[in-house]
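Just below is one structure, and these are the notes that go with it.
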Amino acid sequence: MMHSPVSSNVRIMLVDDHPLVRDGVRARLEAVPGFRVVAEAGSAAEALAAIAQHAPDVALMDIGLPGTSGVELARQCHERFPAVRIVMLTMHDQPQVVLESFRVGARAYVLKDCPAQEIVAAIESVMAGRRYYSAGVADALAQASVPEEQLSVREKEVLGFIADGLSSKEIAQRLDLSVRTVETHRLNIKRKLDLDGPAALARFAVERKWAGS
């Protein structure tokens with residue numbers, strides 16, 4: 001099935017440290033009317049320089065880059081070149097990596113073993129202002145949410161307030177509970193979700209809120 005791009009000339013940059021991978025992706029994309037690969041890079045440093053020079057509309061980035069990771073590259077790219085739509089194209093399907101990629105600025109997340117039309121669909125989606133992730137990523141995120149089902153309604157309420165940055169005292173006031181009770185809920189959440197320390201709990205709470213938004 002041939003997709004019709006949302007723009008008559010989508011300028012694309014490929015970031016992957018394997019030239020053969022870039023060659024394959026380039027061939028797939030340049031077969032799509034209106035898609036044009038304007039730059040390639042094998043590292044984060046090369047990518048940032050290429051973005052500054054070629055001003056692509058979309059950057060397809062692998063995560064496993066030498067030196068600086070693709071996630072860190074996505075963060076730097078989003079901060080320095082916010083107009084560039086970032087699509088992660090990788091073999092990594094760990095939920096925490098997916099969520100972190102979106103958090104730092106990625107607009108789409110596609111696995112390398114997906115059909116070629118998914119890469120095209122991802123580019124079309126980000127050009128239209130939408131997020132996109134491939135079916136394999138959706139499955140990984142769904143499996144990651146299973147432990148949360150262990151939480152009680154009250155624990156989920158507490159988790160939501162943690163995501164908003166409230167202290168135990170502030171949460172206690174909102175829920176008309178004692179601070180000690182809120183602290184007990186926090187401990188139970190960490191135990192049920194196997195989270196190590198308050199920082200991990202806060203990070204999980206924020207990612208959960210973001211993923212559900």
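Once the Cα atoms of helix 116-127 and of the chain are each reduced to a long axis, what angle between those two axes, in degrees from 0 to 90 to the nearest 10, is obtained?
Taking Cα atoms only, the helix is inclined about 70 degrees.
Please find, in a Gaussian network model of the chain (springs between Cα atoms separated by less than 10 Å), the residue of SER178, SER69, SER168 whose mean-square fluctuation is greatest.
SER178
Please arrange CYS77, CYS114 by how many other C-beta atoms lie within 10 Å of their C-beta, fewest to most. Please report the intermediate quantities before stating the final value.
Numbers: CYS77 24, CYS114 16.
Fewest to most other Cβ atoms nearby, the residues stand as CYS114, CYS77.
What Kirkwood hydrodynamic radius, in Å, does the range 147-208 give when the mean of 1/r is taken over all pairs of distinct Cα atoms and then inverted?
11.3 Å
Name the residue from VAL58, VAL104, SER69 whose Cα lies farthest towards the positive end of the charge dipole of the chain, charges +1 on Cβ of Lys and Arg and -1 on Cβ of Asp and Glu.
Value: VAL104.
How big is the charge dipole of the range 147-208 about its Cα centre, in debye rounded to the nearest 20, if each Lys and Arg gets +1 on its Cβ and each Asp and Glu gets -1 on its Cβ?
Its charge dipole is roughly 160 debye.
Considering only ALA199, VAL126, GLY42, whose Cα is most displaced toward the positive end of the charge dipole of the chain, charges sitting on Cβ of Lys, Arg (+1) and Asp, Glu (-1)?
Result: ALA199, furthest along the dipole toward the positive end.
For the range 10-144, what number results from the quotient of the Cα radius of gyration and 2.2 N^0.38 Å? Write down the numbers at each step before the final one.
On the way: Rg = 13.2 Å, N = 135, 2.2 N^0.38 = 14.2 Å.
Against the compact-globule rule of thumb, the ratio is 0.93.
So what is the 222 nm mean residue ellipticity for the chain from helices alone, if each DSSP H run of at least 4 adds -39500 (n - 2.57) and you divide by all residues, rounding to the nearest 500 deg cm²/dmol?
On the way: 10 runs with 113 residues, N = 213.
It lands at -16000 deg cm²/dmol.
In degrees between 0 and 90, to the nearest 10, how far off the longest principal axis of the chain does helix 153-163 point, with axes built from Cα atoms?
60 degrees
Using Cβ contacts closer than 10 Å as the measure, can you line up VAL158, VAL182, VAL206 from fewest to most?
Fewest-to-most ranking of VAL158, VAL182, VAL206: VAL206, VAL182, VAL158.
Work out the length of the dipole vector of the chain about its Cα centre, built from +1 on the beta-carbon of each Lys and Arg and -1 on the beta-carbon of each Asp and Glu, and round it to the nearest 20 debye.
Value, rounded to 20: 540 debye.
Give the longest segment of the chain that steers clear of trypsin sites (Lys or Arg not before Pro) in DSSP loops with at most 13 neighbouring Cβ atoms within 10 Å, not counting the sites themselves. Working shown, then result.
On the way: sites that count: ARG130, ARG131.
Excluding the exposed sites themselves, the longest stretch runs over 1-129.
Could you run the Karplus curve 6.51 cos²θ - 1.76 cosθ + 1.60 with θ = phi - 60° over the range 81-90 and give me ³J(HN,Hα) per residue in whole Hz, x for Gly and Pro?
Ordered by residue, 3J(HN,Hα) equals 9, x, 6, 6, 7, 9, 10, 7, 10, 7 Hz.
No lab work stands behind these numbers, since they all come straight from the coordinates. What you see is a predicted model, and the numbers here were worked out from it, not measured in a lab. Ideal geometry is used to build each Cβ from the backbone, glycine not excepted, and the neighbour counts take in all protein chains shown.
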